[in-house]
Amino acid sequence: MEHIISLSIENKFGSLSRVAGLFSGRGFNIESLSVAPTLDPSISMMTIVTTGEERIIEQILKQLNKVIDVIKVVDISESEYVERETALIKVHTRPEDRAEALRIADIFRANVVDSSPTSYTIEVTGDVPKIQAIINLLQPLGIKELVRTGRVAMGREPTRTASAQSRPLAKVN
Amino acid sequence: MQLTGAEIFLESLKREGVKTIFALPGGVVLKIFDVLHQQKDVEVILTRHEQGAGFMAVGSAKATGKPGVALITSGPGMTNVITALADAYMDSVPIVVFSGQVPTALIGNDAFQEADNIGLSRPCTKYNFLVKDVNDLAATIKEAFYIASTGRPGPVLVDIPKDVSMDKAEFKYPDSVSIRGYSPTYDGSKWKIKQAAEAIAKAKRPILYVGGGVVFSGASKELLELAEMTQIPVDMTLMALGGFPGNHPLSLGMLGMHGTYVANMAMHYSDLVIAVGARFDDRVTGKVSEFCPQAKVIHIDIDPTSIRKNVHVDIPIVGDCKRVLVELNTILQATVNGNQRDLRKPWWDQLHAWQTEHPLQYDQDPEGQIKPQYLIERVYKLTEGLDPIVSTDVGQHQMWTAQFFKLANPRTWLTSGGLGTMGFGFPAAMGAQAAYRNRLVLCIAGDGSFQMNTQELVSAVVAKLPVKVFVINNRFHGMVRQWQDLFYDGRYASSYLDQYPDFVKLAEAYGAAGVRIEKVGDVDAGIQEALSIDGPVVIDVPVYQYENCYPMIPAGGSNHEMLLGDPPDLKKPSPTGKKSSQQGQDTILTA
Ligand SMILES: Cc1cc2nc3c(=O)[nH]c(=O)nc-3n(C[C@H](O)[C@H](O)[C@H](O)COP(=O)(O)OP(=O)(O)OC[C@H]3O[C@@H](n4cnc5c(N)ncnc54)[C@H](O)[C@@H]3O)c2cc1C
Ligand SMILES: Cc1ncc(C[n+]2csc(CCOP(=O)(O)OP(=O)(O)O)c2C)c(N)n1
Ligand SMILES: [Mg+2]
């Protein structure tokens, strides 16, 4: 089953590789990983999407907790949460397709963030099905390039989340 | 006062109470060596290979419980010490290794003797640090020792670029450490401990499955108290030996792949397994689906990842063995009633029956070749009163030592369990000897393994470390040959050491003493002679070549299905009557 793990980690030299190395070294699945600093620049938040049987997920959570740079680990898919992903899609547009591309972007509340005589670059944010859906619709026009951020997620109130509860952040707030 | 990085290094070691370090110099650490050279507080033992330095640090740490320290240079020095780091990581040994690094400005430039020390050591250390600024050095060293020695112990690497050792900073050693992502749990949940006590009170066939955690935690006394109070039998892992007295009537000896018959049967038929600081390694569980089929499992361990990693656990208790056992004993003292000896009688009757059915055994023909087990048992008997520290290499001789050397005290056993590293025994023994100059330190070595670190003989001579190395010389990678006997139709692919050194002359070449024992009748006198020599001694003991180690649970087998001796169709020359073979004249069986 899919799990979304949110963790706060020391924002320092090598800490990302400690987490990435843990997954590769122990043969755990990693579907996506995204990381960026928080309000406290000494801490980063990481969202990891992984799959596995319950026993494996339990090991993953414990092993992540054991990494000394990791400050807090929450399996946010255990309760209610919101998740988003952003994709940038560069779609090939023949003159007769340009209107169609704009219409599709509009339906998904996506933005055209760049344009050239033969392409539009479309930015779309949403959950995975939404992003998959716009990709499917744009595909017949011809997708030249696609980048996705990987998913970020947050537990819904009053769920305890790493960012809302961890000590160092509280200091900043 | 401003100190250089090298001086800060020295002052920090002194604050940590380090008396000895194991080291080998190189360009980027010369400043540190120069400072060490001009003082007497910290002794520097020069090794001849960085792996030796790493294992000496491990031996010292295992024997004392305090972090062992090694100092090595960048690039090849670092790659050479990796094996020792990996070994310490698998066996939870607290060591702190300091590596030199190229100057900070050159890092990442493929500079001379540059290696990515942090990347190389990340998967085999508990933590590692690159010190980029001399102002961080003292605090980093403090954290390194703290991380290595607290919680589940383990190796830590501190990488020091050359310029950091030369730059100056104000020296201030922190009094305490606080790391927000690291706070081991020492006290077990009271509620779970109470559940454990209830389960123990109800159990009919309980067994204590004890691991290295008991030794690390210093919980031997509490364990003995628990076992005696409840009359529960004790199985030890390879890493736990010495943690419970091997001679105690409640000890069933080692369990697992080469454990005793009774120890493994007890696990298989138990209704309550109480695991204390043990990690359910595959050499212990055998086939997981058939592991302890009737038992409820209590697991006490300081590391949550050890719990439920391999097997299902009913009552998990995260905490330090000693603290949890103190708590558990207190509850049991108040609740256990009735005569435990009577209560446990049916279980003990069964255990005693298993014990007599298949004890550890071998036969020694007084006129025949020396059997490895006989030699090991005689070394044990003749040194029993001296409370020796015993190290081993890896292979058959290691398993026989585990079976026959009934150690009485914790921290007297140095062996490589998790990584199973040949070449471990001798340098580890040296490290223990450096920490305890006046104790007897023995190494039971394999002829194959010993050759992986013989260069340290000269380090032992120079540093005056009078380790006694018994080379169980079967002219074979014996453990490999045993598997080939059992699973490869006796085809001895690269397990026969047809060309091997004269170990006596080898010892002498390095300035150590050499003794050879060739006849059964000479064993005792030979051992005594070696023990009486004041300095490092290599005792070469040519033994019967084809002895196999039993009991054995074939890999992936179930715990109650042990091989208890050679299969009847196994062909091999008899040890009886034949004179002990001379170098180069061994006959080798072909299948
Ligand atoms: C050739 C060969 C054959 C082998 N055959 C066998 C065999 O027959 N039988 C056998 O047992 N082993 C055997 N081994 C060794 C085996 O591979 C493992 O190393 C060993 O079983 C692990 O022992 P352990 O469970 O005690 O764990 P250790 O590696 O000693 O781990 C200790 C455990 O205790 C925990 N711990 C640490 N500190 C504390 C504390 N303060 N409080 C609580 N918990 C703590 C740790 O988290 C860890 O889970 C063999 C090895 C070799 C090389
Ligand atoms: C560094 C290393 N390489 C290879 C092995 C695989 N191995 C395990 S036991 C063994 C043979 C050990 O031979 P020896 O030291 O003579 O001991 P014996 O089994 O003969 O007692 C080998 C090669 C190992 N454990 N370690
Ligand atoms: Mg051998």
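The values are calculated or read from the model by the stated rules, or taken from the named source; none is laboratory data. Bear in mind that the values here come from a model prediction, so they are computed numbers and not experimental data. Reconstructed Cβ throughout: ideal geometry from the backbone, glycine too, with neighbour counts over all protein chains shown. The accessibility values were calculated without ligands, DNA or RNA, using every heavy atom of the protein model including side chains. Shrake-Rupley method; radii C 1.70, N 1.55, O 1.52, S 1.80 Å.
Figures for the structure shown
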| item | result |
| --- | --- |
| Cα gyration tensor shape of the protein assembly as shown, rounded if a/c is under 1.5, else prolate or oblate by comparing a/b with b/c | prolate |
| Normalised convex hull volume, the range B:323-465, alpha-carbon set, Å³ per residue | 183 Å³ |
| At most 13 other Cβ within 10 Å, DSSP loop - chymotrypsin sites (Phe, Trp or Tyr not before Pro), the range B:100-153 | B:PHE112 |
| Degrees between helix A:98-107 axis and first principal axis of chain A (Cα, 0 to 90, nearest 10) | 40 degrees |
| For the protein assembly as shown, with +1 on Lys and Arg beta carbons and -1 on Asp and Glu, the positive-most of B:ASN337, B:GLY557, B:GLN373 along the dipole | B:ASN337 |
| Cβ-derived FRET efficiency at R0 60 Å, B:GLU367 paired with A:ALA20, nearest 0.05 | 0.40 |
| Where the Cα pairs of the range B:419-541 fall when distances are cut into 5 Å bins, in % | 2, 11, 20, 22, 18, 12, 8, 4, 2, 0 |
| Point-charge dipole on Cβ atoms (K/R +1, D/E -1) for the protein assembly as shown, about Cα centre, debye to 20 | 1060 debye |
| Cross-link reach list, lysines versus A:LYS144, counting only Cα pairs under 16 Å and skipping chain neighbours closer than eight places | A:LYS90 |
| Selection of chymotrypsin sites (Phe, Trp or Tyr not before Pro), the range A:12-87, meeting DSSP coil and at most 13 other Cβ within 10 Å | A:PHE13 |
| Chain A, relative contact order [Cα under 8 Å, separation at least 6], % | 27 percent |
| Interface A:B - total buried accessible surface [probe 1.4 Å, Å², rounded to 100] | 1800 Å² |
| Inter-part distance where the range B:187-264 and the range A:54-95 are each reduced to a Cα centre, Å | 41 Å |
| Gyration tensor (alpha-carbon) shape descriptor, the range B:164-308, a/c threshold 1.5 | prolate |
| Inter-centroid distance (Cα atoms) of the range B:455-492 relative to the range B:494-556, Å | 8 Å |
| nm² value of the averaged projected area, convex hull over the Cα atoms of chain B | 27.3 nm² |
| Sequence-separation-based contact order of the range B:254-405, relative, with Cα cut under 8 Å and 6+ spacing, percent | 21 percent |
| Rounded percent of accessible protein surface that carbon and sulfur make up, the range B:163-216, 1.4 Å probe | 52 percent |
| Rel. contact order, % - alpha carbon contacts under 8 angstrom, at least six apart, the range B:238-326 | 22 percent |
| Nearest-10 value in Å² for the accessible area of B:VAL326, using the 1.4 Å probe | 70 Å² |
| Sites A:VAL113 and A:THR51, calculated FRET efficiency, Cβ-Cβ separation with R0 35 Å, nearest 0.05 | 0.65 |
| Kirkwood estimate for the range B:1-103, i.e. one over the average of 1/r between Cα atoms, Å | 13.6 Å |
| Partners for B:LYS371 among aspartates and glutamates (Cα-Cα distance below 14 Å; same-chain residues under 8 apart left out) | B:ASP363, B:GLU518, B:ASP522, B:ASP524, B:ASP540, B:GLU547 |
| Under 13 Å from B:LYS287, Cα to Cα: aspartates and glutamates that are on another chain or at least 8 residues apart | B:GLU561 |
| Quotient of C-alpha Rg and 2.2 N^0.38 Å, computed over the range A:45-110 | 1.83 |
| Gain in span if fully extended, B:TYR173 to B:LYS40, counting 0.36 nm per residue against the direct Cα distance | 45.8 nm |
| Sparse-neighbour loop sites [GluC sites (Glu not before Pro); the range A:1-73; at most 14 other C-beta within 10 Å; DSSP] | A:GLU31, A:GLU53 |
| Degrees, to the nearest 10: A:15-25 long Cα axis against longest axis of chain A | 90 degrees |
| Phi-based couplings in Hz for the range B:470-483 (Karplus 6.51, -1.76, 1.60; Gly and Pro marked x) | 8, 8, 7, 8, 9, 6, 8, 6, x, 5, 5, 4, 4, 5 |
| Rounded to whole Hz, the Karplus (6.51, -1.76, 1.60) HN-Hα couplings of the range B:138-144, x for glycine and proline | 4, 5, 5, 5, 4, 5, 4 |
| Antiparallel content of DSSP bridges confined to the protein assembly as shown, in %, to 5 | 45 percent |
| Peptide ranges B:52-65, B:244-257, B:212-225 listed from the most packed, as the mean C-beta count within 10 angstrom indicates | B:52-65, B:212-225, B:244-257 |
| Distance from the range B:58-135 to the range B:272-292 (C-alpha centre basis), Å | 32 Å |
| Theoretical FRET efficiency, 1/(1+(r/R0)^6), r = Cβ-Cβ of B:LEU382 and B:ARG437, R0 35 Å, to 0.05 | 0.95 |
| Distance-filtered residues of the range A:1-44 - backbone nitrogen under 13 Å, label point 7 angstrom along A:ILE135 Cα→Cβ | A:32 |
| Cubic angstrom per residue, convex hull over Cα atoms of the range A:1-132 | 147 Å³ |
